[in-house]
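Here the structure is laid out as structure tokens; the discussion comes afterwards.
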Ligand SMILES: [Zn+2]
């Protein structure tokens, strides 16, 4: 026979407490009636498909999230960021067979996926559609990527540094997408975010330049490193939305390497949302974007 004595069913409120007021009950009933209406009228919609979602779906339909997750499983070169195909070599200097085609300057690169649907559409909408809210969704994917790529023993000595916009462009756009992404990813990965690089001059929009050489020339000496105590001896990860030819990362890294030895980070790496596998992939006219 069990020793557990079943408690008698409650027949009323505990002694010493007042009866529940009618207002909470009425409030609850009203909520039951209005909740479905509010759900229909103000339901969040998927940023890509436009399908109605529940609040917990986080702004993306299940198939879109699965598409991004599948992209995260794609194998890519940790040095140049390009998707690995059939031509993987055993050459340390050129492990993927394409490393020699670009110099990012960074030691390691972590990416969420290739510059392809659905990541491409989300990034373009965030950047040119000025929807900074998307950084909350995309930054979470970037944070998870960092958790996976950074060895656990390195997390405590890791810092994120967003690629800066020139103040004029930041003013017109209203936000710096790299900064927003870094803040969210930093929270997910439990890593601090610091301003380690600044823009020293205005440059033409990279998407409007037509060749890898022009993109690299456009950003020549565009960055200057900030001697920040928080980066000294740390594994620094530059954060950006898209890596196309790698010119941005190259010049930002070069600026950091000009710091006096005692002020430099231990390693300079890059964490980006997506990498454009084919030249010209990211040169998409902002006006061609679908509206929302
Ligand atoms: Zn490579």
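Please treat every number below as a calculation from the coordinates, not as lab data. Remember, predicted model here, so these are calculated numbers, not experimental data. Methodologically, a virtual Cβ is constructed for each residue, glycine included, from the backbone with ideal geometry; neighbour enumeration extends over all protein chains shown.
Quick notes
Yes/no per residue for (1) farther than 28 Å from residue 133 by Cα; (2) surrounded by 18 or more Cβ atoms within 10 Å (Cβ to Cβ); (3) near the ligand (Cβ under 9 Å from one of its atoms):
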position: 57; (1), (2), (3): no, no, no
position: 62; (1), (2), (3): no, no, no
position: 81; (1), (2), (3): no, yes, yes
position: 85; (1), (2), (3): yes, no, no
position: 95; (1), (2), (3): yes, no, yes
position: 102; (1), (2), (3): yes, yes, yes
position: 109; (1), (2), (3): no, yes, yes
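- Taking the stretch 142-182 as the range and being surrounded by fewer than 19 Cβ atoms within 10 Å (Cβ to Cβ) and within 21 Å of residue 65 (Cα to Cα) as the test, the residues that pass are 144, 147, 148, 149.
- Hey, residue 201 free of Cβ contacts under 8 Å to residues at least 40 places away in the same chain and buried (at least 22 other Cβ atoms within 10 Å of the Cβ) or not: no
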